[in-house]
1. Using 0.36 nm times the number of residues separating Ile49 and Trp21, minus their current alpha carbon distance, what extension gain do you get?
2. Can you give me the span-like helices of the chain, meaning DSSP H runs with 27 Å or more of Cα extent along the axis and Kyte-Doolittle mean at or above 0.0?
3. So if I place +1 on the C-beta of Lys and Arg and -1 on the C-beta of Asp and Glu, and nothing else carries charge, what would the dipole magnitude of the chain be about its Cα centre? I want it in debye, nearest 20.
4. Report, in deg cm²/dmol and to the nearest 500, the calculated mean residue ellipticity at 222 nm for the chain, where each DSSP H run with n ≥ 4 adds -39500 (n - 2.57) and the sum is divided by the residue count.
5. Of the lysine pairs in the chain, how many meet both conditions: Cα atoms under 26 Å apart, and a spacing of 8 or more in sequence or different chains?
6. Percent relative contact order of segment 49-109, based on C-alpha pairs within less than 8 angstrom and at least six residues apart?
7. Between Arg105 and Arg63, what length in nm is gained on full extension when 0.36 nm per residue of separation is reduced by their alpha carbon distance?
8. Let a ≥ b ≥ c be the square roots of the eigenvalues of the Cα gyration tensor of the chain; is it rounded (a/c under 1.5), or, if not, prolate (a/b larger than b/c) or oblate?
Amino acid sequence: MTIFLVIFSLLIASFCGFLFWQVQEQKKLIATMMADDQLSDIEQDPELILTLKVRDPIALAKRESRSARMLADRLPVMVRKMVYQEVMKELEQELYDRDIDVEMRIEYR
């Protein structure tokens, strides 16, 4: 029984040593990745992004569209998506008329 406990203790000790080695390797890898990221961030200027949120898309849809009045209560997610698509389309057209080149997309958060 004693031999079994000694062998088991040695196995556990070697496993702990292996885990310690893995943690140290992970720390080195993370430090390397962080150093690489910091160097690349210095070279690039920060990117500015404009975020637009329609405060009450359901009320806007009900006000602007007759069909949305009927759909808003039954399919609010679809109406909200359609409102954002229409706002994006109108805003894109307005910016295009003013010769402003933009990249627009809808993001879900």
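1. 5.8 nm
2. Flagged H segments are 2-43.
3. Roughly 1040 debye, rounded to the nearest 20.
4. -25500 deg cm²/dmol
5. Lysine pairs meeting both conditions in the chain amount to 6.
6. Once normalised by length, the contact order is 26 percent.
7. 12.7 nm
8. Oblate, since a/c reaches 1.5 and b/c is not below a/b.
Throughout, read-outs are computed from the coordinates displayed, never taken from laboratory work. Small disclaimer: the values here were computed from a predicted structure and weren't measured. Here Cβ is always computed from backbone atoms with ideal geometry, including for glycine, and neighbour counts include all displayed protein chains.
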